[in-house]
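Undergrad: Handing you a structure now.
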Amino acid sequence: LFWLSLKILGFLLAVVAFLMGKDTALQRFFKRIRYRKSQKALNSAIIALTEKENKKVLLEIAKARANPDFEKIVHLLEAQAEEALGNQQKADKIYKKLLLNKDTRLVAIGGLIRSRIESGDMNVASQLAEKAVLLKPKSLQALNTLFKIQCDLENWAGARKTLVSQQNIE
């Protein structure tokens, strides 16, 4: 009788804890399932992006949004897919969101540079490229982009400095 009363008391405490919102084994089980589904969708989106299936990327990203842990990579993949589909305004909005995060700032600036070059706004592209070099001075990609833009703008003094910076890195 004592053992049975302890089990009933334990059950009642578990029910009260559940009703108060305490994390339970069942909730953790469903969280793991959602995490796996999000991860699988994210993997599929990455594969679809490399295969240039941009509409499939957007569909898979919608599934991966269920997990907030993947927010940065989801935004990045979405921006690249939108850019490849020709929706540059949507891609720019997403890149501007990515600017707020320190980890994705350089990638976002790169996307905005491509956008400005495509639209012919080389002065803004030059300013963005200079910011990219300031963020990561040893990035050859950022230096190459800045060098090409400076050559297009015929900014020979700036191009010479950029070329010296590139040589010091290599």
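The values are calculated or read from the model by the stated rules, or taken from the named source; none is laboratory data. This one's a predicted model, so the numbers in the text were calculated from it and none came from an experiment. Glycine also receives a Cβ, built like all others from the backbone with ideal geometry; neighbour counts cover every protein chain displayed. Each accessible area value is taken on the protein alone, full model and side chains, heavy atoms only, with ligands, DNA and RNA left out. Shrake-Rupley method; radii C 1.70, N 1.55, O 1.52, S 1.80 Å.
Undergrad: For the charge dipole of region 1-111, defined by +1 on Lys and Arg C-beta atoms and -1 on Asp and Glu C-beta atoms about the Cα centroid, which residue among Gln80, Ile8, Ala64 has the Cα displaced farthest towards the positive pole?
TA: The listed residue farthest towards the positive side: Ile8.
Undergrad: Still on this structure, please answer the following. Just to confirm, what accessible area per residue do you get for the chain at 1.4 Å probe, in whole Å²? Could you put the intermediate results ahead of the total?
TA: Details: 11780 Å² over 170 residues.
Spelled out: the 1.4 Å probe surface of the chain, per residue, equals 69 Å².
Undergrad: Where does helix 88-98 land angle-wise versus the long Cα axis of the chain, in degrees 0 to 90, nearest 10?
TA: 70
Undergrad: How big is the Rg/Rh ratio for region 110-170, C-alpha atoms only, Rh by Kirkwood, two decimals? Show your work: numbers first, answer last.
TA: Details: Rg = 10.7 Å, Rh = 11.2 Å.
Here Rg/Rh amounts to 0.95.
Undergrad: With all protein chains present, how much of the accessible area of region 28-150 (probe radius 1.4 Å) comes from carbon and sulfur, to the nearest whole percent? If you can, show how the numbers build up before the last one.
TA: On the way: 4180 of 7620 Å².
The nonpolar share, carbon plus sulfur, comes to 55 percent.
Undergrad: Helix 105-119 versus the longest principal axis of the chain: what angle, 0 to 90°, nearest 10, using Cα atoms?
TA: Rounded to the nearest ten degrees, it is 50.
Undergrad: Among the listed pairs Lys40/Lys131; Lys22/Lys90; Lys40/Lys138; Lys97/Lys148; Lys37/Lys136, which have their C-alpha atoms separated by more than 29 angstrom in this model?
TA: Numbers: Lys40/Lys131 35 Å; Lys22/Lys90 40 Å; Lys40/Lys138 34 Å; Lys97/Lys148 26 Å; Lys37/Lys136 35 Å.
Flagged as over cut-off: Lys40/Lys131; Lys22/Lys90; Lys40/Lys138; Lys37/Lys136.
Undergrad: Shifting gears a bit: Please work out, to two decimal places, the log10 of the ratio I(q)/I(0) at q = 0.15, 0.19 Å⁻¹ from a Debye calculation in which every Cα of the chain carries one identical scatterer.
TA: After summing over all Cα pairs, the log10 values are -0.90, -1.15.
Undergrad: Using 0.36 nm per residue of separation minus the Cα-Cα distance, give me the extension gain between Gln88 and Ala157 in nm, one decimal.
TA: On the way: separation 69, 0.36 × 69 = 24.84 nm, distance 3.19 nm.
The span from Gln88 to Ala157 would gain 21.6 nm if fully extended.
Undergrad: Suppose every K and R has +1 on its Cβ and every D and E has -1 on its Cβ; what is the size of the dipole of the chain about the Cα centre, in Debye to the nearest 20?
TA: Values: 29 positive and 17 negative charges, 174 e Å.
Dipole of the chain, to the nearest 20 debye: 840 debye.
Undergrad: How high is the relative contact order of region 1-127, given as a whole-number percent (alpha carbon pairs under 8 Å, six or more residues apart)? Don't jump to the answer; show the numbers that get you there.
TA: Working: 101 pairs, mean separation 17.6, N = 127.
Across region 1-127, relative contact order equals 14 percent.
Undergrad: Right, something else. Where a Cα-Cα gap under 17 Å defines reach, which aspartates and glutamates qualify for Lys63, not counting those fewer than 8 residues away within the same chain?
TA: Candidates past the 8-residue exclusion: Glu53, Glu71, Glu78, Glu82.
Undergrad: Which whole-Hz couplings ³J(HN,Hα) result when phi for each residue of region 149-157 is put into the Karplus expression 6.51 cos²θ - 1.76 cosθ + 1.60, θ = phi - 60°, listed in order with x for Gly and Pro?
TA: Karplus values, whole Hz, x for Gly and Pro: 5, 5, 5, 5, 7, 6, 8, 6, 5.
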